[in-house]
Amino acid sequence: MNENMVNMMNALEDQAIVDPRSGPIAMRLNNVSVAFNGRMAVRDVTFDVPANNVTALIGPSGSGKTTLLRSLNRLHDLTKGAKVTGEILLGDEDIYSGGIAPTVLRSRIGMVFQRPNPFPTMSLYDNVVSGLRFNGVKKKSILDAAAEESLRAAALWDEIKDRLKAHGSTLSGGQQQRLCIARALAVEPEVLLMDEPTSALDPIATQKIEELISQLKARVTIVIVTHNMQQAARVSDLTAFLLMGEDRAGEQIEVAPTLKLFSQPDDPRTMDYIQGRFG
């Protein structure tokens, strides 16, 4: 375990532990499993996602983190042979019950991917308002206001406000990722999923995204997948640790307030992973 990690864990031990699940809950996962052509990738995951907090999914490669994340807004509907079982509630509604159309669901539960993916042939402005237009919004004043508000929320407005007609390719990687965050925010989602959103970015851009995440949780519930233990400790309030065993695919080992999980985990395998003894 490196010195930074040691210092971080020592600092965590001095802080009071508050369980964010004692407040309102945005989503509930009950015995969620995901299989591809009959092969299990996530098995029997159960935990609550607290509203207006950041929940981190951690674990070694292959432990099912991204697979679980993508199940939260039904992206596996697009994968042949994928099957999600169990119950995922958004508020009181099971997102797999058929009562919410997938396209509507993905407006309520947005997604930011590992690599920035702005639409290459669209202007910066059109990128941001694309979801609103897809949902039928045509009035320019509404689109203009939403574009500015979401770009401000993504800490990007001041950097690009004078070149909104430029293409996304003119932005740096970090700016492109913040553009994608603004695009997701423009439709005012209840939950924002982030799949390793800084893994392709340099340290300065990563810091900006982490600062942004801490600000955005007042506006939207966030679930983030990260391989960076220090990042999970810095930005999240609740952490779920998944592990891939020889016969236990995508098994939930422990879910706890981040301060507790990183400083006083209940399962020794959690501390082994955090301290880099496997994974």
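Scanning segment 22-39 for residues that are surrounded by 13 or more Cβ atoms within 10 Å (Cβ to Cβ) and under 10 Å from Ala82 (Cβ atoms) yields Val34, Ala35, Phe36.
Kindly establish whether Arg43 is crowded, with 18+ Cβ neighbours inside 10 Å and out of contact with any Leu (no Cβ under 9 Å at 6 or more places or on another chain). Answer is yes for this residue.
Scanning segment 45-62 for residues that are outside any strand (DSSP E or B) and at pLDDT 95 or above yields Ala51, Asn52, Asn53, Gly59.
Would you confirm whether any residue within segment 69-79 is hydroxyl-bearing (Ser, Thr, Tyr) and within 20 Å of His227 (Cα to Cα)? For segment 69-79, residues hydroxyl-bearing (Ser, Thr, Tyr) and within 20 Å of His227 (Cα to Cα): present. Going by the conditions given, is Ser97 part of a loop (DSSP other than H, G, I, E, B) and either in contact (Cβ under 8 Å) with a residue 12 or more places away in the chain or surrounded by fewer than 16 Cβ atoms within 10 Å (Cβ to Cβ) (or both)? Yes; evaluated as a whole, the condition is true for this residue.
Evaluated against (1) touching a residue at least 40 places away in the same chain (Cβ under 8 Å); (2) part of a helix (DSSP H, G or I); (3) farther than 24 Å from Asn73 by Cα, Val129 falls short on exactly one condition, (3). Taking the stated definitions as given, is Gln231 of a type in the set (S, T, N, Q), under 15 Å from the mean Cα position of the chain (by Cα) and farther than 19 Å from Leu29 by Cβ? Taking the combined requirement at face value, the residue satisfies it.
Within the set Leu259, Leu242, the sole residue that is within 21 Å of the chain's Cα centre (by Cα) and closer than 18 Å to Thr46 by Cα turns out to be Leu242. One residue alone among Ile224, Ile274, Ile253, Ile204 is in contact with a Lys or Arg (Cβ under 9 Å, 6 or more places away or on another chain) and either among the charged types (D, E, K, R) or farther than 20 Å from Arg152 by Cβ (or both), and that residue is Ile253.
For segment 110-123, the condition holds for at least one residue, the condition being that it is surrounded by 15 or more Cβ atoms within 10 Å (Cβ to Cβ), farther than 30 Å from Asn37 by Cβ and more than 21 Å from the chain's Cα centre (by Cα).
The values are calculated or read from the model by the stated rules, or taken from the named source; none is laboratory data. All values derive from a computational prediction rather than experimental measurement. Glycine gets a Cβ as well: all are built from the backbone with ideal geometry, and neighbour counts include every protein chain shown.
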